[in-house]
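Visitor: What follows is a structure written as structure tokens; I'll ask about it next.
The values are calculated or read from the model by the stated rules, or taken from the named source; none is laboratory data. Note that this is a predicted model, so its numbers are computed, not measured. Heads up, the Cβs are rebuilt from the backbone with ideal geometry, glycines too, and the neighbour counts pull from every protein chain shown. Accessible surface is based on the protein model in full, side chains and every heavy atom, while ligands, DNA and RNA are left aside. Shrake-Rupley method; radii C 1.70, N 1.55, O 1.52, S 1.80 Å.
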Amino acid sequence: MISLYLHSQSHTTTLKNTHTGSIPTTLGRLTNIVGFSLANNELTGRIPTELGRLQQLEQMILHQNLLSGSVPTEVCFLQTSGNLTDIEVDAFVQCTCC
């Protein structure tokens, strides 16, 4: 389980903390965040479409987890319409925009 208390932060990192469970959809509410890394944990499930709400996002690092599915279209759209320049996911997560 990941707890997020980032109301005033623009970057966050939770590396190698063996977080388990899914990426919380509430991360999509942190509209001022410009980057985050949840790498090297034990996260499972799909990448939430709510991350597509992060219009200021420049970097999203999710590699070395147990995620499945694909990078949502809403997140890929941030590359063409926003600031997102760095998406890092594992090879078994499908990504048409990485």
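Visitor: Restrict the check to the range 17-34 and report whether at least one residue is at pLDDT 90 or above, in contact with a His (Cβ under 9 Å, 6 or more places away or on another chain) and open to solvent by less than 20 Å² (accessible area, probe 1.4 Å).
Guide: no
Visitor: Would you check which residues across the range 36-48 are on the phi > 0 side of the Ramachandran plot and in a strand (DSSP E or B) and list them?
Guide: Gly45
Visitor: Is there any pair with a first residue in the range 21-35 that is among the small types (Gly, Ala, Ser) and a second that is open to solvent by 10 Å² or more (accessible area, probe 1.4 Å) whose Cβ atoms are under 6 Å apart and which are 6 or more apart or on different chains, and what are they?
Guide: Partner pairs satisfying both residue conditions: Gly21/Met1; Ser22/Gly45; Gly28/Glu50; Gly28/Arg53; Gly35/His11; Gly35/Glu58; Gly35/Gln59.
Visitor: Only one of these is of a type in the set (A, V, I, L, M, F, W, C), in a loop (DSSP other than H, G, I, E, B) and either buried (at least 16 other Cβ atoms within 10 Å of the Cβ) or touching a helix residue (DSSP H, G or I) at 6+ places or on another chain (Cβ under 8 Å) (or both): Leu78, Leu51, Leu57. Name it.
Guide: Only one candidate passes the filter, namely Leu57.
Visitor: Could you list, in sequence order, the residues of the range 44-55 that are of a type outside the set (Asp, Glu) and free of Cβ contacts under 8 Å to residues at least 40 places away in the same chain?
Guide: Across the range 44-55, the qualifying residues are Thr44, Gly45, Arg46, Pro48, Thr49, Leu51, Gly52, Arg53, Leu54, Gln55.
Visitor: Further, regarding this structure: How many of the residues in the range 60-75 are open to solvent by less than 60 Å² (accessible area, probe 1.4 Å) and in a loop (DSSP other than H, G, I, E, B)?
Guide: 7
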